[in-house]
Amino acid sequence: ARRRLPPRTFRSYLPRSHRTYSCVHCRAHLARHEELISKSFQGSHGRAYLFNSVVNVGCGPAEQRLLLTGLHSVADIFCQSCKTTLGWKY
């Protein structure tokens with residue numbers, strides 16, 4: 001017999017009628033397509049997206065980090081459901 005996993009619950013669900021961005025690991029909703037500001041950022045691991053607002057993310061402590069555009073105060077963000085590191089916020 002197959003073991004049933006409990007359903008994943010997220011704090012916020014985005015409307016099905018909108019295109020959404022989701023966590024690559026657990027598929028938790030993260031942002032509506034309309035919140036995307038730019039795809040032209042470069043992170044240390046490749047292309048990075050800039051969003052106006054996101055949901056279902058946690059935030060680590062702020063720290064000073066040297067980025068391509070200089071020294072910035074940033075904090076890592078992670079998926080609230082599976083704890084996968086997603087990127088950072090300014």
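The values are calculated or read from the model by the stated rules, or taken from the named source; none is laboratory data. Just so it is clear, the structure is predicted and the values come from calculations on it, not from any experiment. All Cβ positions, even for glycine, are placed from backbone atoms using ideal geometry, and neighbour counts span all protein chains on display.
Can you go through LEU36, LEU66 and tell me which one is at pLDDT 85 or above, in contact with a Leu (Cβ under 9 Å, 6 or more places away or on another chain) and among the hydrophobic types (A, V, I, L, M, F, W, C)?
On the way: LEU66 fails: in contact with a Leu (Cβ under 9 Å, 6 or more places away or on another chain).
Result of the check over LEU36, LEU66: LEU36.
Name the single residue, out of those in segment 48-90 being part of a strand (DSSP E or B) and of a type in the set (Gly, Ala, Ser), that is surrounded by the most Cβ atoms within 10 Å (Cβ to Cβ). Explain how you work it out, then say what you get.
Filtering segment 48-90 down to residues part of a strand (DSSP E or B) leaves 48-51, 57-67, 70-79, 85-89.
With of a type in the set (Gly, Ala, Ser) added as a condition, the list becomes 48, 58, 60, 62, 70, 73, 75, 87.
Numbers: ALA48: 15, GLY58: 13, GLY60: 13, ALA62: 14, GLY70: 7, SER73: 10, ALA75: 14, GLY87: 18.
The extreme case among them is GLY87.
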